Amino acid sequence: MNGSNDALASLITEAGFSWAGLARRVNGLGADEGLALRYDYTAVHRWVKRGERPRPPVPALLARALSERLRRRITPADFGMTDEETLAARGLQYADHPRTTVDTIIDLGKADVARRNIVKAPFVLAALGAPSRDWLLATLDETSTERGPRQIGMRQVAGIREMFALFQELDVMRGGGHARTALVEYMQSYVLPLLKREHEPDVQQALYEAAAEQSYLVGWMAYDDGEHGLAQRYLIQALRLAQAANHSALGAHVLAGMSDQANLLGHPREALMLARAGRRGLADGDSPACLADLHILEARALAALGESAPAAAAVAKAEQTFARVDHDDEPVWARFIDTPYLYGEAAHCFRDLGQPDDTERFATESAERAHQQGRARRAALSHAALATADLDRSDVEAAATRAAHVVELAASVNSSRTIGTVRDLQHRLKPYATLPEVRHFTTRATELLGLAA
């Protein structure tokens, strides 16, 4: 931290501590944990005036001392001393109580907005199994949470839902990097504080559901923006809130996002497990759109594993399920599970299987519908699949021409995932670098996206 720590100074003043008194209390709390701390007022002076940060667990002890005096929860993030290693680990945990989940999301959001190192936290493959297992068991057991007295009404919850719809539209149209910080700040300032109070049962459940939707969306935005470790932590916390809301379809939707991420990162077996867990957790009649999504993500994982016949069968099942979808009866979060999305994902299945005819059939429909809706990210992904189909047919010039169009689309959105698609096309076209069409594609990728050949 550079300069003085004004947030810590303000909290110390509000709590009525002297610097020496705070140091003594930190030493006392440390002694309770078997630590021999010898801090005095000069240490607190360094923390406040120079912005120095003591090593863990001292920031947590400071937060406890301030919380005791102020009679409210203070965290190290509140005074710029987040224990990021602990937060990174906590973000992967599926908590016993949703209140713990709310606190974790608050701390993740503060670190996210401040662009602290938690943004660079790694994706942890081993962390995928336990949350999906715990969610599925809780869903099958119809676990619910404790509720309390009324504080707000369903009208306020409806307003939160309207904000979710707005941010989801921004993500779909402009990419995950466009409005994530704004969504995090909205959650931090309004939604999550409500969850720290007690409400009537129907309101409490609706709040958990709304917060789960938004936590999922901010995780998805981080995923699309290439910040996979952070995205994973948001998604795990969203899954826990979906359980607290007793909403099996929403939990299955979160697992779909986790499956998509695992497959993108090269873990198709885990992606398959997550998609199937989501399907098993859905009740009969729950969101056909979500079920179609889980089928298509199962197909993506099977295609990545080279399982051609099962992947094609899963695509067919997704189509059959999608034919039953009535979007007027689906939740707002299922709106993006439409023809451009589903057919685009099907196209990528057949791309991975090296089947250009089926790739072209699905990708063409996806790209055309995406263009009609003005969805540049989805159009870019589907045109990239078409370029790969051209390459599979040895039509390099057509592939390069289409790849240049992908660059134009990618430049109009803030999406690292779309940039990754352009990089993939660069890799595929590299053997043909001397062709004029390929040189044009390479030049445009450099000019518009800053990507070296």
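The values are calculated or read from the model by the stated rules, or taken from the named source; none is laboratory data. Nothing here was measured: the structure is a model prediction, and the numbers come from that model. Glycine gets a Cβ as well: all are built from the backbone with ideal geometry, and neighbour counts include every protein chain shown. Side chains are part of the model used for accessible areas, which takes the heavy atoms of the whole protein and leaves out ligands, DNA and RNA. Shrake-Rupley method; radii C 1.70, N 1.55, O 1.52, S 1.80 Å.
Local charge sum around His178 (other residues, Cβ-Cβ under 12 Å, Lys/Arg +1, Asp/Glu -1)?
Cβ neighbours under 12 Å give a net charge of -1.
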key: Environment charge of Gly306, counting only residues whose C-beta is closer than 14 Å and scoring Lys/Arg +1, Asp/Glu -1   = +1
Extension gain from Thr100 to Thr181, taking 0.36 nm per residue of separation minus the Cα-Cα distance = 26.9 nm
key: 1.4 Å probe accessible area per residue over region 230-297, in Å²   = 24 Å²
request  = Consider the candidate values (i) 16, 25, 19, 15, 14, 9, 3, 0; (ii) 24, 50, 23, 4; (iii) 19, 32, 23, 16, 9, 1; state which one is P(r) over Cα pairs in 20 Å bins from 0, in percent computed from the structure displayed.
outcome  = (ii)
query = So, counting K/R as plus one and D/E as minus one, what does the shell of residues with Cβ under 11 Å around Leu66 add up to?
reply = +3
query = Given a Förster distance of 30 angstrom, what is the FRET efficiency for Thr446 paired with Asp395, based on the Cβ-Cβ distance and rounded to 0.05?
reply = 0.80
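Of all the stretches in the chain, which is the longest one without any exposed loop site, taking GluC sites (Glu not before Pro) in a DSSP loop (any state but H, G, I, E, B) with at most 14 other Cβ atoms within 10 Å?
Values: sites that count: Glu33, Glu52, Glu142, Glu146, Glu198.
Maximal segment without exposed cleavage sites: 199-453.
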request  = Please determine, in degrees from 0 to 90 and to the nearest 10, the orientation of helix 19-32 with respect to the longest principal axis defined by the Cα atoms of the chain, where the helix direction is its Cα long axis.
outcome  = 70 degrees
Point-to-point label distance, Leu166-Arg361, nm (Cα→Cβ direction, 7 Å offset) = 4.3 nm
note = In the chain the accessible area split gives carbon plus sulfur, as whole percent at 1.4 Å, a share of 48 percent
